[in-house]
1. Output the residue which, of all residues in the range 248-282 that are of a type in the set (A, V, I, L, M) and part of a loop (DSSP other than H, G, I, E, B), is farthest from SER156 (Cα to Cα).
2. Taking only the range 181-216 into account, find how many residues are free of Cβ contacts under 8 Å to residues at least 60 places away in the same chain, away from the ligand (no atom under 11 Å from the Cβ) and assigned to a loop (DSSP other than H, G, I, E, B).
3. Which ones in the range 240-281 are crowded, with 22+ Cβ neighbours inside 10 Å and of a type in the set (Val, Ile, Thr)?
4. Checking GLY354 against (1) surrounded by fewer than 22 Cβ atoms within 10 Å (Cβ to Cβ); (2) farther than 30 Å from ALA112 by Cβ; (3) not hydrophobic (A, V, I, L, M, F, W, C): exactly one of these is not met. Which one?
5. Give just the number: which of (1) among the charged types (D, E, K, R); (2) part of a helix (DSSP H, G or I); (3) within 16 Å of the ligand (Cβ to nearest atom) does ARG167 not satisfy?
6. Can you pull out the residues in the range 307-339 that are buried (at least 24 other Cβ atoms within 10 Å of the Cβ), more than 14 Å from the chain's Cα centre (by Cα) and either part of a loop (DSSP other than H, G, I, E, B) or without any contact (Cβ under 8 Å) to a residue 12 or more places away in the chain (or both)?
7. Could you tell me whether the range 283-301 includes any residue that is modelled with pLDDT of 95 or more and assigned to a strand (DSSP E or B)?
8. Report the residue count in the range 106-158 for those that are within 16 Å of the ligand (Cβ to nearest atom) and small (Gly, Ala, Ser).
Amino acid sequence: MSNELLGAKLDQSKEIDSKIDQIVNEVMSVNSHIKGPSAPKSSLIESAQAHIDKVGTNRGRPLFYPYIGTGAGNGPYVELEDGSVKIDLINGIGIHVLGHSHPKILQASLKAATSDIVIQGNLQPNKEYSLLGQKLLDLAGKNSRLKHVWLTTSGSMSGENALKACRQYKSPAKMIISMKNAFAGRSTMMAEITDNPSLKQGLPSYGEVTRVPFYDKNDPKSTEKSFAAFKEIVAKHEGDISCFCFEPMQGEGGYNSAPREFFIPMLDFCKEKGIPVWADEVQTFCRTGEFFAYETLGFGDYVDVCTVAKTLQVGATLYTDELNPKPGLVSGTFAGASVALAAGHAALSELEDGYMGANGKIQKIHDDFVGMLNELNQGSCRGLLQDAGGLGLMVAVTPLDGSREKMIALLKVLFKNGLMTFGCGKGPFRLRFLLPAILNSKDIQVCKEIIEKSVLELA
Ligand SMILES: Cc1ncc(COP(=O)(O)O)c(C=O)c1O
């Protein structure tokens, strides 16, 4: 931006920067009183509960947890309106990858809040839109053929744009090859791709999605079987397949991961048959030890379309030159709030600094956290925390007997004891963690004590 512009003056204003620094310092100073989990304050329980009930009544469905945040947080810790502090291992289902009140996120957000508009659109973007798009392309371009990016406001909408790009490219083909236990989002079409009847009760099925089984590590023939199913589908619907859409590691479906060799035969076959490959990285983005799980798994060359969201603070669809949709196909009023676009950029810049790679912070957190779960499973919680694993910051474990009832009961007991996380899968029902990338070994010790106490309470 030219220095002649008033926008540059705002951008470079020392006065604004020093005021922002003052605000950040004050916020950090207040938040530094949050040091670890604590119980609700008896004087606040009633008013907090009334507020929680009100939100439930307004929504027509109660909140899953008695949770309303106060706006104060410190790293993995967050303060609730009942005065309690929880260690947050779910982070808004994967949004706050740097935890609560990270100074760099605060700083970027405050700076963006001084701009002339709250939300940027695809017709009139400001620089935050351009910077975030460029950053994504720089990261994506390292190990893939992805050349363009379209920003939007959610993972589901990024999926809609991805599917439209694939269908237009393969027009008039409509069928989608997806996977068993897939999750793709909440729009009508993404619910169709999602393989979980309890998330689409009463919705019609349009018959446009076919599925191959995801990898089963207990079945030595798993790769063979999925590939055979894949070829059968292609033979049945030849000429009418718009894309192969899959999560490189399944999230909601049970934190199922697979080795590279599982995907390659299907991906090679897609190339042979001209079927666009869409990697849904809405949940995996930034988490598996590389920015993209296709890098962790080493198949970036095959990817034609990739969707990301969550940690990005907005959604984005990345595509190759060939898959670039014609004008008119994708757009939308909103691209994202200025603050969200700037915070997404700040998060990516921070994560470039020592978090990725085999020796990066994410891999260390993974090893320490999974090690802690295994230690409990072999020790005081013998056999009650099975099959801990996943990739990077996505970790799951099967608690107790693996039933839905026990998993939900454990979530509530963990919450009461100061740890917040969530479930996934549909048999076994798993406890899943979307760990913040700022977790340290002291925090993991805090988690250990709460998990141990909670599991033993229900054993
Ligand atoms: C793999 C995957 N795809 C798509 C979505 C939908 O994203 P959003 O909830 O932002 O619409 C999710 C959300 O959990 C997801 O995990």
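The values are calculated or read from the model by the stated rules, or taken from the named source; none is laboratory data. Everything numeric in this text was worked out from a predicted model, so none of it was measured. Methodologically, a virtual Cβ is constructed for each residue, glycine included, from the backbone with ideal geometry; neighbour enumeration extends over all protein chains shown.
1. Of everything passing the filter in the range 248-282, ALA258 is farthest from SER156 (Cα to Cα).
2. Qualifying residue count for the region: 14.
3. Result: ILE241, ILE275, VAL277.
4. Among (1) surrounded by fewer than 22 Cβ atoms within 10 Å (Cβ to Cβ); (2) farther than 30 Å from ALA112 by Cβ; (3) not hydrophobic (A, V, I, L, M, F, W, C), GLY354 violates only (2).
5. (3)
6. Correct list: LEU323 only.
7. So in the range 283-301, the residues modelled with pLDDT of 95 or more come out as 283-301.
Restricting the remaining residues to those that are assigned to a strand (DSSP E or B) gives none.
No: the range 283-301 contains no residue that is modelled with pLDDT of 95 or more and assigned to a strand (DSSP E or B).
8. 4
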